Amino acid sequence: MPYFTLCFLLVAGLVAADPFPGGVDFELERAVTRGPGSGRSHLLACLDRTPDGRWRRVIGAAQNFSVGDQHGYVRSFTFDGSAATVELLIAINGDLYNAFQSLARYQISARLGQDGSWAGTYVGTCGTESVSGRVQGRTRPVQVPPADFTPIVGDEHPRLLFRAKDLPRLKAKLATPLGKAYLDFVEKAAAAKTKDTDLVAGPMNQAVLHQLTGEAKYAEAATAGFMKEIDNEDFGFASTGQVWAHRLLMLCVVYDCCRDTWTDEQRKKARETIDSRLEMLLWNAGGNQHPTSNWAGPMNAAAAIAALTLFTGPGPTPGSPPPAPGSRDKGTSSRGFRVNPLYGQLYRKDSQKIIDLPGNPEVAGAPALVLGTPLTAWHWSGILAVALRGNQDLLANLGKYAKADPVAGDIAKSMIFTEQGPRELAFKFEALPAAAIDPESGIDGDALILGKEPRVAVLSARFSVDAERLVTVAAARNKAKTSIRTLLDGVEVAVDAVYRLKPGRHRVLLVANGESFGRIDPVIADAGAASAGLADSIAEFGRLETACWEADGKPDFEPWFKMECGRSKVFRYHFMGLGIGGFQPESGHYSHDGGPGPAVYNHLARNCLGGHASPFADAVLYIPRHIANSVTGTTPAGAKGPQKLYGQPIHGINSLSLSFLARHFPAIPAEYQPGALWAWNLLTDYKGPGSEVALFGPGTDPVFTFLNYPLEMTAVAPSSPTWPLLWKAPTRGLYVFRNGYGSPDNSVIQVYTRETPTFGWNHPSAGAFTIQALGHEWAVSVADRLSQREEESVVLLPKDDCKGGGCGLTTRVESTPDGSGSITMNLDEIYAPKAAPPLTDKSHIRFLPEPAEVAKQPIRGWRTIAVDHSGASGAPLLFVVADHVTGGGQRRWQWQLPRTGDDHRSTNLKPTSVGDLVYNERGFTCTQGDAVLTVTIIASGKIDLRKPGQDEREIEAGGHNKNAKAGEKYLAPYNGVGILGDGDFLAIATVSKGPGPAVTVNGDGLAAKISVGGQAVAMDGDRVVFGKR
């Protein structure tokens, strides 16, 4: 499969000397940490080159640590043809909830595999903490721009939907029947004044028509809608996600197309509004910030689109340079937001990374500091039963927190403010009992500060050092309903700082306020040799940032930096949400909700930057993948008739979206575009010239339809070999086997291994499969956003406390030219105890455990699925699924037939299987029309077949059940055909016209030898083997 390659800017300078031509996406195991005593997170570091060989700014992610932008530079890259040594300097950034910024140095040693993968190890420091671990990665394709691309110069506009050079072509297109249909649609929709007028047929389309016609009325209408919108911040539910993101796109397009008609004041107000919303969405919004979610996907894309709108390309006059580290005066950005990496600790004057703390010469009564162990000489206020409002200083008469050094007998007095109003608070310090201080785990705040109601305690400790020491301080972190302030010599502790303790006495002050605390005293540790290089790293980072800016052509740095951060956020959607093969597995309709924004971004980025956010075969295959898992003419359960193009749901809706098709079309690889055009025509009922109005019907995206519908191209229905009979989306774990295209009788089998978790709406569906053949569904997954593993065709262990929602691991995939093939997956994590930590982190980085650790797991298992399309069995489809589980109790094997009346949010579940279902001693048959599914079960031991609804299971209601409150438990039926047993399962299924071929079985379980018509079936370890009878 060819990769789509791209470039963002062609500039000279900083050319790498090594012979390796591409980039690398490295994954570093547990490489990010806040400091001593805190956890460690994996890091994704994307090393990208320009076509002339220069290393660009590194972009990355450490989602378990923060959703902030991890960015930096390649210090060196040496490649000998098979292995590389790489040095990176990365700025590690926090986010809205994790105020943190530090620098990390990593030295990577990795070997390049024949498949483009990398494996090795790294050593380094994050802040001042030494880190090391494994490295894995993938080669990043060379990024080459389209031949006709020219970089943005200065503040050039229009740039988003099209460039100035495209206007003659688009004006000619507007004069075609397609263009006239578009113009007619816009005029009629505007006259109708529907609720969607402002978003769909209003300002954005009017702005486009202003550029294409030059008529003032369109600019005036677009501007009126724009000015109304920038004063509107009442967006209702999910405002900063799907709603605000969509409206911000409109603002950007109108600004891009109509700014030439505005006054300087209008342009200034527009830029400030767009920039402010950009910063809010990019760094300062709440909600589910995982890039795959239906909230963050549109939100990040909207911010990235705004950044594309506002950045200025290199021009004759250099723009503002990057800020030097330690040069900025304030912590909030120029827009007043709390988070902007360029205003973080690394760039601020008031947060130097090495802080000098002079010692008090009076050391009497101050025990010597023992690094890494709890302090011992504590004094405290006792428990103060008050609920403070905000941060208040309780030591006003003792010099306030900045100077106070209280010991036993000191009396503190202050005026405090509570919910009941102001009052005076006084308390006396006393020695903290030695029993409250554990020599290893320190002070347990929950044991010391008793009670669930809000409580306050002030603690003070002294210690001394006899020589200068460089130390770090790991302070207790704030959490829900709890604030813990830690001050060292009156300075608020920062976890990413190093403190130079001068000889003498020093003091620690703690203020704990809240309900639940955990450990509250800090760990003071040796900063080690790592701290000595921190100042040098800061200076080097500044030099590298300036050198990159100069090589980029000296654009105005901050808008350019925001553009890069936007690109990084949208790349994360591709890496963590889609992956190779173009499958986004968020369940229900949310699999469609996360992607419209990134799809638009890629269209715009082609014009502004020369390509997409990702160079991999992910978004470019999103539309082809939908076509590859769809069939024309299938009649789904409950449908009134055959569907034009139907993709069975599996971990989300799989049917094609017309708006997505219009937005993605130019990015689709050339070999798939004629087939995608065929699907576009089929779904809109476009019959050719004279029926253009059909292209602007319900569900379409008018502006992208006009821009991207290819008038010169001939639609060609998909067919093999151009369209593969095995579609692979390995990053997420979707595999689609089919026997052909173009017929309602085609069979399509989807298998989902769930290689990575979905950090949005999702199902515990690793190992699930679906089948459609001969015009009907025969095995189904769940279409709704809510699901339990009991609703998939999998093996359950009802009496064991298994994780269920873990991930599978594909170990083998095979295929033949006729669409036959097989897939084997390891399901150990599915059968692991619920308490076992996940193998994949929030960045979708997965380092496999050592074999010795895996061997300790009490329950393990694998599943193999095989498909035979050869017809040797006498049926057009022969399907085999084998399951092997070691350990655990009774198993329940399940096959989910299509059904109606199945509502996952109701306690009143009464599903009805579709078709004529008949049971026999070895399995069952299901008949729909003249097509028959025949399933034969071979188990280790006696078969105990259970009909749908025969058994029940207990469910705890979530927050979306119609007839039960969250947390309530109720009984629901097992919906699928079930087989109870204690060993392995082997199922043989055929779909045929009329009765299926005869099946003979010799032996039990996976050792059985089976004949299906003229086809022999047997297991060879975990592989299904087909052969002539």
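The values are calculated or read from the model by the stated rules, or taken from the named source; none is laboratory data. The shown structure was predicted, so the numbers you read here are calculated from the model rather than taken from an experiment. Every residue, glycine among them, receives a Cβ derived from its backbone with ideal geometry; neighbour counts consider all protein chains shown.
Of all positions in the range 250-262, at least one carries a residue that is farther than 26 Å from D69 by Cβ, modelled with pLDDT of 95 or more and not in a helix (DSSP H, G or I). Checking each residue in the range 438-454 for being over 14 Å from T486 (Cα atoms) and out of contact with any helix residue (DSSP H, G or I) (no Cβ under 9 Å at 6 or more places or on another chain) picks out D438, P439, E440, S441, G442, D446, I449, L450, G451, K452, E453, P454. Within the range 841-892, the only residue that satisfies the criterion of being crowded, with 18+ Cβ neighbours inside 10 Å, among the hydroxyl-bearing types (S, T, Y) and outside any loop (DSSP other than H, G, I, E, B) is T864. The residues of the range 126-154 that are part of a strand (DSSP E or B), modelled with pLDDT of 90 or more and of a type in the set (S, T, N, Q), listed by number, are S132, Q136, T139. Look at the range 326-341: where a residue is touching a residue at least 60 places away in the same chain (Cβ under 8 Å) and a partner is hydroxyl-bearing (S, T, Y) and not in a loop (DSSP other than H, G, I, E, B), sitting 6+ places away or on another chain with Cβ atoms under 6 Å, you get R335/S276.
Which residue, of A301, A366, A306, is among the hydrophobic types (A, V, I, L, M, F, W, C), part of a loop (DSSP other than H, G, I, E, B) and touching a residue at least 12 places away in the same chain (Cβ under 8 Å)? If you could, list the steps in order and put the result at the bottom.
Numbers: A301 fails: part of a loop (DSSP other than H, G, I, E, B); A306 fails: part of a loop (DSSP other than H, G, I, E, B).
The conditions single out A366.
Taking the criterion of being closer than 19 Å to E791 by Cα and in contact with a strand residue (DSSP E or B) (Cβ under 7 Å, 6 or more places away or on another chain), the residues of the range 744-765 that qualify are I749, Q750, V751, Y752, T753, P757, S765.
Could you tell me whether any residue of the range 805-823 is over 24 Å from the mean Cα position of the chain (by Cα), among the small types (G, A, S), farther than 27 Å from G994 by Cα and not in a loop (DSSP other than H, G, I, E, B)? Yes.
In the range 487-507, what residues are under 34 Å from the mean Cα position of the chain (by Cα) and either modelled with pLDDT of 90 or more or part of a loop (DSSP other than H, G, I, E, B) (or both)? Listed by number, the residues that qualify are V493, A494, V495, D496, A497.
In the set (1) touching a strand residue (DSSP E or B) at 6+ places or on another chain (Cβ under 6 Å); (2) within 23 Å of A494 (Cα to Cα), the condition left unmet by K413 is number (2). Inside the range 64-117, can you point out the residues that are outside any strand (DSSP E or B) and within 22 Å of A296 (Cα to Cα)? Residues satisfying the conditions are N64, F65, L96, Y97. Every listed requirement among (1) at pLDDT below 95; (2) part of a helix (DSSP H, G or I) is met by E545 save one, (1).
Only strands (runs of 3 or more DSSP E) wholly contained in the range 374-453 count here; list those with 2 or more residues that are farther than 18 Å from I520 by Cβ and without any contact (Cβ under 8 Å) to a residue 24 or more places away in the chain.
On the way: elements: 378-380, 411-418, 421-428.
The strands (runs of 3 or more DSSP E) meeting that bar are 411-418, 421-428.
Restricting the search to the range 576-598, which residues are of a type in the set (A, V, I, L, M, F, W, C) and surrounded by 24 or more Cβ atoms within 10 Å (Cβ to Cβ)? Matches in the range 576-598: M576, L578, F583. Of the residues making up the range 309-329, those that are under 14 Å from I152 (Cβ atoms) and touching a Gly at 6+ places or on another chain (Cβ under 7 Å) number 4.
For (1) in a loop (DSSP other than H, G, I, E, B); (2) of a type in the set (S, T, Y); (3) farther than 30 Å from P503 by Cβ, each residue gets a yes or a no:
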site: T292; (1), (2), (3): yes, yes, yes
site: P322; (1), (2), (3): yes, no, yes
site: R338; (1), (2), (3): yes, no, yes
site: E362; (1), (2), (3): yes, no, no
